[in-house]
1. I'm trying to understand the selection: among the residues of the range 155-192, which are among the polar types (S, T, N, Q) and farther than 20 Å from VAL113 by Cβ?
2. Keeping to the range 59-70, report how many residues are surrounded by fewer than 15 Cβ atoms within 10 Å (Cβ to Cβ) and either touching a His at 6+ places or on another chain (Cβ under 9 Å) or farther than 19 Å from TRP142 by Cα (or both).
3. Give, as residue ranges, the helices (runs of 4 or more DSSP H) completely inside the range 38-127 that count at least 1 residues that are touching a strand residue (DSSP E or B) at 6+ places or on another chain (Cβ under 9 Å), within 20 Å of ILE146 (Cα to Cα) and among the β-branched types (Val, Ile, Thr).
4. Kindly evaluate VAL86 against the criterion of being closer than 14 Å to ILE23 by Cα, aliphatic (A, V, I, L, M), in contact (Cβ under 8 Å) with a residue 60 or more places away in the chain and surrounded by fewer than 18 Cβ atoms within 10 Å (Cβ to Cβ).
5. What is the residue count in the range 1-15 for residues that are at pLDDT below 90 and in a helix (DSSP H, G or I)?
6. Of everything in the range 128-147, what is in contact with a Ser or Thr (Cβ under 9 Å, 6 or more places away or on another chain) and either under 19 Å from GLY91 (Cβ atoms) or not in a loop (DSSP other than H, G, I, E, B) (or both)? Give them in sequence order.
7. In the list THR134, THR121, which residue meets the criterion of being surrounded by fewer than 17 Cβ atoms within 10 Å (Cβ to Cβ) and hydroxyl-bearing (Ser, Thr, Tyr)?
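The values are calculated or read from the model by the stated rules, or taken from the named source; none is laboratory data. This is a predicted model, so every value here is computed, not measured. Cβ coordinates were reconstructed from backbone atoms using ideal geometry, including for glycine residues, and neighbour counts include every protein chain displayed.
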Amino acid sequence: MDELNQISQTIALSMGAAWGSGINLYATVLMLGYLAYTGNIDLPPELMIVADPLVMTAAGLMYAVEFFADKIPGVDTFWDTLHTFVRIPAGAMLAASAIGDVGPAAEIAAALVGGSLTAATHATKAGSRVLINTSPEPFSNWTASIAEDLAVFAGVWASIQHPAFFIVAIFLLILLMVWALPKLWRGIKRVFKFLGRLFRWSDTDSDYSKPLKNTKLPRPD
C-alpha cells in the first residue's frame, strides 16, 4: 500500500509540474521552490534545484513580469507565442526531474508524457486567449489571467497533498482538452481570417489597379 501511495505521489507531482508549466511556468517553479524551501514538502533530489534562492528569485521576477503582460490584450498572445519555446521544454524537464532517481527509461518516459501535457495545456491557454482578445473590454483578460494563476497554485498544491484526486482531475482535464482544442483551432482560424480581410489592401481601392480604358499612348515623333 505504501508503495502504491509513493507511485501515485510521484506521478501526481510529475504531471502537476508539467500541467502547471503549460499555464504559468514561473508560478509553478515558484510554488514548488517555496514549499520545498520552507520544508513543507520533500522533493526528489533532481528537483530540489527549484528551492535554490537564486532560482526562486528569477522565477519570482519573471512571474511579476508575466503577471502584468498576461493581462494586456494582444500582449498576452505575443507572450504565449514566445513562451512556446520556454514552457514546453521546461515542463518536460520538470516532469522528468519529479520522477527522481528511478532510471533513465522512466525519466525519458516522464519527459515525453510531461512535455506532451505541457504542450496541450499551453495550446489550450494560448488558444483561449486569442478568442478572449476578440472581446473589446479588458476585464475578460484580467479574469482569465487571475483564474489561471489561482488554478496553477491550487493544482500544484493538490498534486502534492491529494495525489489520487489530482490524477483523476488531470485525466478529466485531458479529456476536456481533447474535446476543446479542435474547437479552439477552428475559432482561431476564423479570427485570423477576419484580421486578414480587415488589414488586407483591397485592389479595388487602388487607382493603380484600375484597368486603363480608352487611353491612347502618345505617338513618337
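1. Across the range 155-192, the qualifying residue is only GLN161.
2. Residues in the range 59-70 being surrounded by fewer than 15 Cβ atoms within 10 Å (Cβ to Cβ) and either touching a His at 6+ places or on another chain (Cβ under 9 Å) or farther than 19 Å from TRP142 by Cα (or both): 1 in total.
3. In the range 38-127, no matching helices (runs of 4 or more DSSP H) lie anywhere.
4. Answer is yes for this residue.
5. Total satisfying the criteria: 6.
6. The answer is ARG129, VAL130, ILE132, ASN141, ALA144.
7. THR134
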